[in-house]
């Protein structure tokens with residue numbers, strides 16, 4: 001498969017991941033102030049201000065490393081109409097390396113915020129997402145980042 005074809009396939013897979021297709025599940029700890037709730041295929045929690053938090057997995061297909069997925073994810077989100085506010089390396093429990101995107105997009109009369117972190121582990125990608133009205137998400141940002149820092153990526157299936 002050529003690099004261009006490989007890239008198109010990667011973008012399609014990232015798109016499917018963002019839409020929540022093919023989710024895995026795990027028993028995890030929510031950010032402080034969030035309440036977990038039952039959902040098939042992913043760990044989910046919500047704050048009283050309606051900021052959501054989700055942890056799930058996707059297959060690492062095509063099999064690639066974190067630098068590849070960082071680029072594919074950022075391109076996919078920009079192509080999807082999101083504005084990148086910040087991007088940075090992030091670490092989960094045990095120093096597991098990952099990538100964090102902080103994004104914004106208009107949503108009706110409000111601005112919508114989106115935090116998206118990925119961790120690549122052998123045959124799977126662990127995806128952590130938090131979203132909500134931009135000011136409400138900003139108010140929960142530190143709690144979400146703390147939950148990401150505590151995440152045991154190796155235990156997420």
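The values are calculated or read from the model by the stated rules, or taken from the named source; none is laboratory data. The structure displayed is predicted, hence computed values, not measured ones. All Cβ positions, glycine included, derive from the backbone under ideal geometry; neighbour counts span all protein chains shown.
Structure notes:
- Only one of 85, 135, 103, 145 that is within 20 Å of residue 73 (Cβ to Cβ) and more than 13 Å from the chain's Cα centre (by Cα): 85
- Selection within the range 67-86 - touching a strand residue (DSSP E or B) at 6+ places or on another chain (Cβ under 8 Å) and crowded, with 16+ Cβ neighbours inside 10 Å: 69, 70, 73, 74, 77, 82
- Residue within the range 21-35 that is loosely packed, with under 15 Cβ neighbours inside 10 Å, at pLDDT 95 or above and out of contact with any helix residue (DSSP H, G or I) (no Cβ under 7 Å at 6 or more places or on another chain) present: yes
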